[in-house]
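None of the figures in this text is laboratory data; all of them are computed from the coordinates on show. Predicted model, so just to flag it, every value in this text is computed and none were measured. Counting neighbours? That spans all protein chains shown, and the Cβs are built from the backbone with ideal geometry, glycine included.
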Amino acid sequence: MAIIITDECINCGACEPECPNTAIYEGGQEWNWAGGTDLREVELEDGTVLDASDMQEPVSDEFYYIVPGKCTECTGFHEEPQCAAVCPVDCCVDDPDYRETDEELLAKKEWLHV
């Protein structure tokens, strides 16, 4: 599963530099698939193909957020999600909407970092 940042976030930014996939962004900041990855293009579930460097709408305008498609829970990099390890208010938690096995998370890591 991916990690989500709850609305208890105090916008301290401690989590952002810890993410090996560059999946964490400040509220209101646009994001792209290419940042922190080796991706050049991405095929979405509906078959749409995007240039990985195209900017995407922010997931949240209020507080830091994690792009679930880029989150591997630090699998293949660290023993635990680093965002959760450094969060001073424990607002980086499992996202119940994105359940993935360890094998799926490792495959996602390989996809992001060819």
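When you filter the trypsin sites (Lys or Arg not before Pro) in region 64-114 for DSSP loop state and at most 10 other Cβ atoms inside 10 Å of their Cβ, you are left with 99.
Of the options 2, 66, 85, report the single residue whose Cα projects farthest towards the positive end of the charge dipole of the chain (beta-carbon charges: Lys, Arg +1; Asp, Glu -1). With unit charges placed on the Cβ atoms, the residue in question is 85.
In this simple spin-label model, placing a label point 7 Å from the Cα along the Cα-to-Cβ direction at both residue 10 and residue 56 gives a separation of 2.9 nm. The residue 97 and residue 40 beta-carbon pair, evaluated with R₀ = 30 Å, returns a calculated FRET efficiency of approximately 0.65. Please give the net charge around residue 51, taking every other residue with its beta carbon less than 15 angstrom from that of residue 51, where Lys and Arg add +1 and Asp and Glu add -1. So the environment of residue 51 carries a net charge of -4.
So for the chain, averaging the separation of alpha carbon pairs under 8 Å that are six or more residues apart and normalising by length, what relative contact order in percent results? In percent, rounded to a whole number, it is 40.
When Lys and Arg each count +1 and Asp and Glu each count -1, what net charge do the other residues less than 11 Å away from residue 102, Cβ to Cβ, add up to? With Lys, Arg at +1 and Asp, Glu at -1, the net is -2. Of the residues 22, 48, 75, which exhibits the maximal mean-square fluctuation in a Gaussian network model of the chain defined by a 10 Å Cα contact cut-off? Result for the chain, Cα springs under 10 Å: 48 fluctuates most.
Do any GluC sites (Glu not before Pro) in region 69-102 lie in a DSSP loop with no more than 15 other beta carbon atoms within 10 Å, and if so, which?
Sites meeting the loop and neighbour criteria: 79.
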